1. Summing Lys, Arg as +1 and Asp, Glu as -1, what charge do residues with Cβ under 12 Å from the Cβ of GLU57 carry, GLU57 excluded?
2. On the accessible surface of the range 1-68, probed at 1.4 Å, how many percent belong to carbon and sulfur atoms?
3. Excluding ligands, DNA and RNA, what is the solvent-accessible area per residue of the range 1-86 at a probe of 1.4 Å, expressed in Å²?
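The values are calculated or read from the model by the stated rules, or taken from the named source; none is laboratory data. The structure displayed is predicted, hence computed values, not measured ones. For neighbour counting, all protein chains shown are included, and Cβ atoms are generated from backbone atoms with ideal geometry for every residue, glycine included. Areas reflect the complete protein model, heavy atoms only, side chains present, ligands, DNA and RNA absent. Shrake-Rupley method; radii C 1.70, N 1.55, O 1.52, S 1.80 Å.
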Amino acid sequence: MSRFSEYRVMWLIVLFDLPTETKRDIRAYTMFRKNLIRDGFTMFQFSSYIRHCASMENAEVHKRRVRAYLPPHGKVGMLCLTDKQFGDMELYFSKKPEPPNAPGQQLELF
């Protein structure tokens, strides 16, 4: 059995709906997005960011980081999917199906 099972590797998805009515709201929204990007997340759709994680334990580390920089207002949700579940996603752009992005090359040391 491979150490990198598609049932062990995870995708962490952060979904958010944050207010942008005041300058303070916009600043909080911008800082939240910048922190996600700094932590290795990539924009999947507007207000939806994804990150490849080697395991559920690794995903928990990133969940804690997201919780640490939650903005004071708005809604944020986090969802973990196995690589298998993520790979079964159907994406459509202009009614034409496209395969999901392949996970990045994982470098393992030791």
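1. Values: positive: ARG8, LYS63, ARG64; negative: GLU60.
Residues close to GLU57 contribute a combined charge of +2.
2. Working: 2390 of 4500 Å².
Reported share for carbon and sulfur atoms: 53 percent.
3. Working: 5600 Å² over 86 residues.
Computed with neighbouring chains in place, this is 65 Å² per residue.
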